[in-house]
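Visitor: Below: one structure in structure tokens.
The values are calculated or read from the model by the stated rules, or taken from the named source; none is laboratory data. The shown structure was predicted, so the numbers you read here are calculated from the model rather than taken from an experiment. Here Cβ is always computed from backbone atoms with ideal geometry, including for glycine, and neighbour counts include all displayed protein chains. Quick note on the areas: whole protein, heavy atoms, side chains included, nothing else; ligands and nucleic acids left out. Shrake-Rupley method; radii C 1.70, N 1.55, O 1.52, S 1.80 Å.
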Amino acid sequence: MRKDDLVVVSVEDMSSEGMGVRHVDGLALFVKDTVIGDVAEVKIMKMKKNYGYARLVRLITPSADRIKPPCPVARQCGGCQIQAMSYEAQLRFKEKKVRENLQRIGKFENPPMEPIIGMKEPYRYRNKAQFPIGKDKSGKLIAGFYAGRTHAIIGCRDCLLGHEINQKILDIVLHHMETYRIPAYDETTGTGLVRHVMTRVGQQTGQIMVCVVINGRTLPGGEALAEELMQLPGMSSITLSSNLEKTNVIMGKTLSLLAGKEYIEDYIGDVRFRISPLSFYQVNPVQTEKLYGKALEYAALTGEETVWDLYCGIGTISLFLARRAKHVYGVEIVPEAIRDARSNAELNHITNADFYVGKAEEVLPEKFEKEHIFADVIVIDPPRKGCEQSVLDTMIQMAPKRIVYVSCDSATLARDLKYLCEKGYELKKVCAVDMFGNSVHVECVVLMSRVEK
Ligand code: SAH
């Protein structure tokens, strides 16, 4: 096979990024936009020694798992990778991805997996959206999402994963930019003003947040814009975030209030949360409740336990657990999130939770050495890159009976579990929870217990 060759393949597997895979003569051919079970004519785009990439030219026999994606830009947009797969097939794909990572990276021959917890409705579930603002070829303002692997903006004001209100918000913001002749930010030159529009909706409270991220300190006519947005029912928080840096990081570090409050509120279960623009908050509240329910089940608290919740964000898991524990300690790197966590504890009259700002890999070893802290149960929920080894080492020294690991990347999860299992822990249960329908991502919650010597 060489570049530009046309070949017919039947897709036999899916890569973890959601591309169809065909193995031919010991090499793997990755074909974007195909689904396991498709027979398709494809064009070779790039050939390396052990693998290659091809483009879908023509479907010959579509897979039984194939459906027509409801979103008109599903193929171009980098947000959804597997919208062309039926939801049942998506769940099978995710469960298999988790199992294979645990086997291949974690060396767990037969991981103790519970059935994946799927969503009732894999659309309109996201409570947060971040739309880049730019110009199309004719110079007209657009809002949408980046295409896969590039920063070309695919115009899309009504993402089917998000809330319908986003379209109205974007219409108002873009119209305001036209009226006041406000240019969109251009990341190649670092000029222009409006970079992103971030929105959040409290699913239980209906409160809406808009944060406009700008390459500057003020927005022309900002008050008029805020006034117009405040007419939307539920609008509760309008802020500007200044991001003057040439970076892919979306949010700037400083915020200024245009109207309403600096935060919105929402509930997970019966715990009420205050959420600031800069704080992490799970994007799928319905599945989050199921995820935390599993974490709580695995933690098996009786009311007597001391629990550490590492990477705690605004204290969501900590406060969910606090009512069943003796004391909970949370650690989180973002100061605004810890501020939210503390006011969330107060808001819910929870007095047995304390929160520390700092890197888990610094706070935990330091507290362990200086204060000899103790834990019956440790819950961790790190970002995609997983845990620093120093965090794992301190956890091992603290020797909690149970470790509950919540993860959004099963590859780094498998790596960390392998390490813990080499140092006295045993993998007891794994449950995948689909929080991100139509994308390739999957959340997991894992129970490990200390092997009694
Ligand atoms: N448990 C929370 C948040 C999980 S997301 C929830 O379920 O809502 C991961 C969190 O880890 C984010 O809030 C992020 O800011 C934080 N974080 C990232 N790196 C960190 C580090 N080195 N130390 C502590 N927290 C970190």
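Visitor: Counting pairwise Cα distances across the range 84-157, what percent come out greater than 18 angstrom?
Guide: The proportion of pairs with Cα distances above 18 Å equals 62 percent.
Visitor: How much of the DSSP bridge set in the chain is antiparallel, in percent, rounded to the nearest 5? Please list the in-between numbers first.
Guide: On the way: 66 of 99 bridges.
Among the beta bridges of the chain, antiparallel pairing accounts for roughly 65 percent.
Visitor: Quick one: length gained pulling Lys46 to Glu227 fully straight, 0.36 nm per residue minus the C-alpha distance?
Guide: Computed gain between Lys46 and Glu227 is 60.0 nm.
Visitor: Rank Ala143, Val73, Ala299 by how far each Cα sits towards the positive end of the charge dipole of the chain (+1 on Lys, Arg Cβ; -1 on Asp, Glu Cβ) and give me just the farthest.
Guide: Farthest towards the positive end: Val73.
Visitor: Turning to a different aspect of this structure: Ordered by residue, what ³J(HN,Hα) values in Hz, to whole numbers, does the range 51-66 give under the Karplus form 6.51 cos²θ - 1.76 cosθ + 1.60, where θ = phi - 60° and Gly and Pro are x?
Guide: Those phi angles translate into 7, x, 10, 9, 10, 5, 9, 8, 7, 8, 10, x, 4, 5, 8, 7 Hz.
Visitor: I would also like to ask the following. Can you report the principal axis dimensions of the chain using only the alpha carbons, biggest first, rounded to whole angstrom?
Guide: Over the chain, Cα extents along the principal axes are 63, 63, 37 Å.
Visitor: Probe radius 1.4 Å, ligands and nucleic acids left out: which of Leu321, Leu193 has the largest accessible area, and how do the rest follow?
Guide: Leu193, Leu321
Visitor: Can I ask one more? Just the number, please: Stokes-Einstein D of the range 15-130 in µm²/s, Kirkwood Rh from C-alpha pairs, 37 °C, 0.692 mPa s.
Guide: On the way: Rh = 16.0 Å.
D = 205 µm²/s.
Visitor: For Glu443, Glu109, Glu223, give the ranking by accessible area with the largest first, probe 1.4 Å.
Guide: The ordering from most to least exposed comes out as Glu109, Glu223, Glu443.
Visitor: Could you compute the FRET efficiency for Glu88 and Lys253, with r as their C-beta to C-beta distance and R0 at 45 Å, rounded to 0.05?
Guide: Efficiency, from the Cβ-Cβ distance: 0.55.
Visitor: Suppose every K and R has +1 on its Cβ and every D and E has -1 on its Cβ; what is the size of the dipole of the range 65-202 about the Cα centre, in Debye to the nearest 20?
Guide: 160 debye
Visitor: Hey, if you drop one equal point scatterer on each alpha-carbon of the range 98-203 and run the Debye formula without solvent, what base-10 log of I(q)/I(0) do you get at q = 0.21 Å⁻¹?
Guide: -1.07
Visitor: Fully extended, how many nm does the chain gain between His151 and Glu346 (0.36 nm per residue separation, minus their Cα-Cα distance)?
Guide: Details: separation 195, 0.36 × 195 = 70.20 nm, distance 4.15 nm.
Taking 0.36 nm per residue and subtracting the Cα distance, the gain is 66.0 nm.
Visitor: While we're on this one: Just how far, in whole angstrom, is the range 313-331 from the range 48-112 if you go by their alpha carbon centroids?
Guide: Between the Cα centre of the range 48-112 and that of the range 313-331, the gap is 35 Å.
Visitor: In what order, largest first, do Thr199, Thr61 sit by accessible area if the probe radius is 1.4 Å?
Guide: Heavy-atom accessible area, descending, gives Thr61, Thr199.
Visitor: Next question. Got a sec? Charge dipole of the chain, +1 on Cβ for Lys and Arg, -1 for Asp and Glu; which of Ala322, Gln130, Gln90 is way out at the positive end?
Guide: Value: Gln90.
Visitor: With label points built 7 Å along Cα→Cβ from the Cα atoms of Gln204 and Glu12, find their separation and express it in nm.
Guide: Here the modelled spin labels are 4.9 nm apart.
Visitor: Suppose R0 equals 25 Å. What FRET efficiency, 1/(1 + (r/R0)^6) with r the Cβ-Cβ distance, do Glu187 and Lys261 give to the nearest 0.05?
Guide: 0.25
Visitor: Nearest 500 deg cm²/dmol is fine: what mean residue ellipticity at 222 nm does the chain get from its DSSP H runs of n ≥ 4 alone, each adding -39,500 (n - 2.57), divided by its residue count?
Guide: -7500 deg cm²/dmol
Visitor: Share of the range 6-66's accessible area from carbon and sulfur, percent, 1.4 Å? Intermediate values should be presented prior to the final figure.
Guide: On the way: 1660 of 3170 Å².
Solvent-exposed carbon and sulfur of the range 6-66 make up 52 percent of the total.
Visitor: Between the range 156-185 and the range 355-412, how far is it from one alpha carbon centroid to the other, in angstrom?
Guide: Between the Cα centre of the range 156-185 and that of the range 355-412, the gap is 41 Å.
Visitor: Under 4 °C and 1.567 mPa s, how fast does the range 6-66 diffuse according to Stokes-Einstein, given a Kirkwood radius computed over C-alpha pairs? Answer in µm²/s, whole number. Can you show the working numbers first?
Guide: Values: Rh = 11.1 Å.
Approximately 117 µm²/s, per Stokes-Einstein.
Visitor: Using the crude model of +1 on Lys and Arg Cβ and -1 on Asp and Glu Cβ, and no other charge, please compute the dipole size for the range 6-66 relative to its Cα centre, in debye to 20.
Guide: Rounded to the nearest 20 debye, it is 340 debye.
Visitor: What FRET efficiency comes out for the pair Lys135/His23, r = Cβ-Cβ distance, R0 = 41 Å, nearest 0.05?
Guide: Efficiency computed from Cβ-Cβ geometry: 0.45.
Visitor: Roughly how big is the chain's charge dipole about its Cα centre, with Cβ charges of +1 (Lys, Arg) and -1 (Asp, Glu), in debye to the nearest 20?
Guide: About 1180 debye.
Visitor: Can you tell me the length gained on complete extension of the stretch Arg55 to Arg2, counting 0.36 nm per residue apart and subtracting the Cα distance?
Guide: That works out to 17.8 nm of additional length.
Visitor: With label points built 7 Å along Cα→Cβ from the Cα atoms of Lys453 and Lys370, find their separation and express it in nm.
Guide: 2.9 nm
Visitor: Related question: What aspartates and glutamates could a cross-link reach from Lys370, if we take a straight Cα to Cα line under 15 Å and drop same-chain neighbours fewer than 8 places away?
Guide: Glu361, Glu362
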